[in-house]
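Peer 1: I am attaching a structure below and will ask some questions about it afterwards.
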Amino acid sequence: MRPLVLIAAAASLAAAPPAPPPPAPSPDLSRLTATHRRDLQCAATLALAAQAQAQGDNAVRDAPPLAVRGKRYFAQVGLRVTREAGLTPEQVRDLMTADVIAVQKAADPDAALRAALAPCLVRLEAEVPPLKTPDLSQCGAILAIAYEELHAREGLTAAAQDLKTLASVLAAREREALVAAGKSGDEADAAIAMAHDAMLGQAFEGDGVEAYDIAHCYDLARPDPNSHY
């Protein structure tokens, strides 16, 4: 073949669109049980409900807080189905995505979400224990640890400063309560430090701040009209 013909042929090949990739093989769902499917559907439903709560959507206003427990359920179900059904994480994600789309494309998405959520809350209770309500001492430790982690990661950002302020407010209130109960200032400070270390210890054991209703801590940190805190 002459050089000009070779050049023309190469240019033609370069201009041709690349061949489309072969379609991905269909996943083998032979080990996917009816229980797996219900769990995946609930994981998708709880994720949607948690998102709706974060956006202030009234569709799920009567549901318990789902941001933490719903996320844990989602993760636990995903790992279990991946392991038991022999699927990849991507395949499990695709199944849950399809369930999300099914709810969103319903004639009345809010009604579909509420209907799907009711039985899923029962499964959530069985799968993920309810969040613990922390006391004042635990809340002070939780917010102090959250500040320390955020500050170490990002520096003294506005969010870190807010956490530091809230943790200081709770620590001051806890110290005041301990002194009022008869402890010395040093004893109160030691008790606050022990609460902090105990919460860190729980985190190392896998049951840290995620097990607590942190929203309650923000309630405890609200300004007291009868105090300068």
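Peer 1: Any idea what the dipole of the stretch 101-229 comes to, in debye rounded to 20, about its Cα centre with Lys/Arg Cβ at +1 and Asp/Glu Cβ at -1? Each step should come with its number before you reach the end.
Peer 2: Details: 10 positive and 21 negative charges, 72 e Å.
With only Lys, Arg, Asp and Glu charged at Cβ, the dipole is about 340 debye.
Peer 1: So, in Å, what gap is there between the alpha-carbon centers of the stretch 109-128 and the stretch 152-219?
Peer 2: About 34 Å separates the Cα centre of the stretch 109-128 from the one of the stretch 152-219.
Peer 1: For a label point 7 angstrom out from the Cα of Gln55 toward its Cβ, which stretches of the stretch 106-130 have the backbone nitrogen within less than 20 Å?
Peer 2: Residues 106-118 fall inside that zone.
Peer 1: Note down the relative contact order for the stretch 34-127 as a percent, whole number, built from C-alpha pairs under 8 angstrom at least six residues apart.
Peer 2: Dividing the mean separation by the residue count of the stretch 34-127 yields 40 percent.
Peer 1: Further question: Grab the Cα-Cα distance for Val100 and Ala193, subtract it from 0.36 nm times how many residues apart they are, and report the gain in nm with one decimal.
Peer 2: Working: separation 93, 0.36 × 93 = 33.48 nm, distance 4.47 nm.
Extra length from Val100 to Ala193 when fully extended: 29.0 nm.
Peer 1: Select from Ala152, Ser168, His216 the residue farthest towards the positive end of the dipole of the stretch 136-220; place +1 on Cβ of Lys and Arg, -1 on Cβ of Asp and Glu, and compute about the Cα centre.
Peer 2: Projecting each Cα onto the dipole axis, the largest value belongs to Ser168.
Peer 1: Next question, about the same structure. Report, to one decimal in Å, the Kirkwood hydrodynamic radius for the stretch 118-176 based on all distinct Cα pairs.
Peer 2: Numbers: mean 1/r = 0.0757 Å⁻¹.
Radius from the Kirkwood sum: 13.2 Å.
Peer 1: Something else now. For Gln76 and Leu156 in one chain, what is 0.36 nm times their gap in residues minus the Cα-Cα distance, to one decimal in nm?
Peer 2: Working: separation 80, 0.36 × 80 = 28.80 nm, distance 3.35 nm.
Once the chain is fully extended between Gln76 and Leu156, it gains 25.5 nm.
Peer 1: Report, in cubic angstrom per residue, the convex hull volume of the C-alpha atoms of the stretch 34-127.
Peer 2: Numbers: hull volume 8.3 nm³, N = 94.
Measuring per residue, one finds 88 Å³ for the Cα hull of the stretch 34-127.
Peer 1: Hey, got the Cα dimensions of the stretch 136-220 along the principal axes, in Å, largest first?
Peer 2: Each principal axis gives a Cα extent; for the stretch 136-220 these are 38, 29, 22 Å.
Peer 1: Follow-up question, since we're still on this one. Given H placed 1.01 Å from N in the peptide plane, which residues other than close sequence neighbours of Tyr212 have an amide H under 5 Å from its amide H?
Peer 2: Correct list: Lys132.
Laboratory data are not the source of any read-out in this text; all were calculated from the coordinates shown. Model, not experiment: these values are computed from the prediction. Quick reminder, even Gly has a Cβ in these numbers, built from the backbone with ideal geometry, and neighbours come from all protein chains shown.
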